[in-house]
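Structure first, commentary second.
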Amino acid sequence: MGVEEKQVASSNNEAFKEENDDIVLPAVLPLSKNRPWYKFFDEYEYRDLYERRGVQHKWWRWFDENDTPEERRYILKLDILVTSYCFISYWVKNMDSGNINNAYISGMKTDLNLGGNDLVHLQVMFTLGGVICQIPFTYLFPKVRMNWLIPGMDIIWGLFTLAQYKAQSRRELMAYRFLVGAAEASFFPGVHYVLGSWFKAHEIQRRGGIFYFGLMLGGSTTGLLQSAVLKSLDGVHGIAGWRWVFIIDAVITIPIGFLGFLTWPGTPDKIQSLFFSQKDKEIAKRRAKINGSKAPKGFSWSVVKKALTSWHLPVLIVWDVLFWNSGTQAGVFLLWLKSVYPEEKYVPWINRISAVPYAIGIGFVFIACFGADVFRSRWFFLNLMQLINWINLVILSIWKVSNTAKWYAFFTQYACWAMSSVLYGWANDILRHDDEYRSLVLILMNLMAQQSIAWTPLIFWKTTSAPKYQMGFIYAAIITFLIILWTFVVLYFFKQDERAYYFEKLGQVDHSEYELDDEYHESNVTQKTAASKNRHKKSEVVINSHSIEIK
């Protein structure tokens, strides 16, 4: 970025901050005197007091009751431009990344003389590429225009996907898998970073769910595409069917990247889109202010120090590592089917039937992500999906069960991944008050979690252990049990942060006007008030008997 561009970006950020300072926040209501014990499980207990102004949420409404008609049109525009691109791009990406498993049983194994643990090694190389190349993005996300970064990397991904059709050896294919993984490095954390920049806590899970529909649909499409290609293109122009799949994937992927340049508006502090008016930009700034989100200030070592001394980094990393290890390894279902139906005539049918777990997974994603938003309970729907996952893993761990039980377990295996957008949506909400800090922690969460599946498959999911994978299923079942418990640890710390942020808002006035919960001793309130006043010396506070407005 040149000097002039830096100056423009800096002036844009300053303008964003100054305009935000003039926005009037909603009223802050006092805390109820008698707090029942079950309020601990209410994630919105404190937020509702300063964001919803006492308006009761009705779960069946798509928009929030406080949204104006203009804001609803703005949110709809975000869904068309931001959410839909996330969905389409993830759909294509998972066609590309999942096809290695279908190609393996559809002729690639024989053509490239693969065997032993080569399949899991190819999967590990893909993961390593993503892990190693994520590191620079901890610094770049708040700096660069996301409407250029993500679509640009999509195009590079498409080119490396195309290159795989030319692979003539195991080593060459492994190199291509590393490069494809490297091109994907920014995508998953980058999308969640962008969604967290635009959407509020009660909106983001649904949008993340639509984004994750792309993963499930991509997995389904891979099997169906492989089956269709084997039937119609195998041998055409002397190219094997499994190679044609990489060509077709690339032809679909590259135009999607160019589409992103046109439709994606970037982030609220760097909006660049033909489809966003000045009014939209004002709404974006107002929503960011109400949500407590801040414009990027520039990376500094204080951000790293904050990450190393707060609860966020260790607790969220453990949570994400557990999540990434709670499911079965990709290709497990395919190899079980291949062991039950070993004849070559069944290969097209196996490719088609492999789409079913992904299709069922779309239903799980819908329940988890939409349920978390409309019923305003992320911990409940996250743990519901993991409970379903734990049951199917126990069945597979036992293994000596009927084939009907195994079909059930494999068909419901993607319940575990349904929690992904709930987890990352919640993490975005937890980290919303500092943009650079949010970027750093999101990347480190994803990086540490992804690196864990670069080596655990070599222990628990060896290809030579197929189809039983006893160590793998037992390991995943234990991890799933732990993630259910750990979610309550996250809930505990989250509620502590939300309480502190509520008191920061409430702490800008004389607390004698309010009847506070007995749980909060006045000395604790006074301490928070003093710290808050130092940060808000320039704020003008207007008080009435039941509300506060900060101008």
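The values are calculated or read from the model by the stated rules, or taken from the named source; none is laboratory data. If you're wondering where the values come from, they're calculated on a predicted model, not measured in any experiment. Every residue, glycine as well, gets a Cβ built from its backbone with ideal geometry; the counts of neighbours run over all protein chains shown. The area values use the complete protein model at the heavy-atom level, side chains included, leaving out ligands, DNA and RNA. Shrake-Rupley method; radii C 1.70, N 1.55, O 1.52, S 1.80 Å.
For the condition out of contact with any His (no Cβ under 7 Å at 6 or more places or on another chain) and at positive phi, what is the one hit in GLY209, GLY223, GLY238, GLY257? Step through it out loud before you land on a result.
Values: GLY209 fails: at positive phi; GLY223 fails: at positive phi; GLY257 fails: at positive phi.
The conditions single out GLY238.
Within region 169-197, the set of residues being touching a Cys at 6+ places or on another chain (Cβ under 9 Å) and open to solvent by less than 10 Å² (accessible area, probe 1.4 Å) comprises GLY181, ALA183, ALA185, SER186, VAL191, VAL194, LEU195.
Would you please name the residue that is modelled with the lowest pLDDT, looking only at residues in region 261-296 that are farther than 15 Å from ASP79 by Cβ and among the basic types (Lys, Arg)?
Out of the qualifying residues, it is LYS294.
The set of residues in region 211-251 being among the basic types (Lys, Arg) and touching a Lys or Arg at 6+ places or on another chain (Cβ under 9 Å) consists of ARG243 alone. Against the conditions (1) open to solvent by less than 20 Å² (accessible area, probe 1.4 Å); (2) under 30 Å from GLY371 (Cα atoms); (3) of a type in the set (Gly, Ala, Ser), where does SER97 fall short? Just the number, please. So SER97 meets the others, but not (1).
Condition check ((1) within 30 Å of ASP234 (Cβ to Cβ); (2) surrounded by fewer than 19 Cβ atoms within 10 Å (Cβ to Cβ); (3) without any contact (Cβ under 8 Å) to a residue 12 or more places away in the chain) across all residues:
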position: TYR74; (1), (2), (3): no, no, no
position: SER89; (1), (2), (3): yes, no, no
position: SER106; (1), (2), (3): yes, no, no
position: ASN113; (1), (2), (3): yes, yes, no
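Taking only region 156-169 into account, find how many residues are over 21 Å from the mean Cα position of the chain (by Cα) and closer than 30 Å to ASP269 by Cβ.
2
The set of residues from region 52-72 being open to solvent by less than 60 Å² (accessible area, probe 1.4 Å) and at pLDDT 75 or above comprises PHE63, ASP64, GLU65, ASN66, ASP67, GLU71. Listed here are the helices (runs of 4 or more DSSP H) enclosed by region 123-195 that have at least 1 residues being in contact with a His (Cβ under 8 Å, 6 or more places away or on another chain): 170-184.
Note on region 370-390: residues that are more than 16 Å from ALA427 (Cβ to Cβ) and among the hydrophobic types (A, V, I, L, M, F, W, C) amount to 9. Determine whether ASP42 is farther than 19 Å from ILE210 by Cβ, modelled with pLDDT of 90 or more and surrounded by 14 or more Cβ atoms within 10 Å (Cβ to Cβ). Yes, satisfied. Scanning region 463-508 for residues that are open to solvent by 10 Å² or more (accessible area, probe 1.4 Å) and β-branched (Val, Ile, Thr) yields THR463, THR464, ILE474, ILE478, ILE479, ILE484, VAL489.
Selection of region 90-117 for residues being part of a helix (DSSP H, G or I) and aliphatic (A, V, I, L, M) yields VAL92, MET95, ILE100, ALA103, ILE105, MET108. Residues being open to solvent by less than 10 Å² (accessible area, probe 1.4 Å) and among the polar types (S, T, N, Q): count how many of those fall in region 255-275. Final tally of qualifying residues: 1. Residues in region 214-229 that are in contact (Cβ under 8 Å) with a residue 24 or more places away in the chain and open to solvent by 40 Å² or more (accessible area, probe 1.4 Å) were compared, and the one that is nearest to ASP429 (Cα to Cα) is LEU217. In the set (1) in a helix (DSSP H, G or I); (2) at pLDDT below 85, the condition left unmet by LEU31 is number (1).
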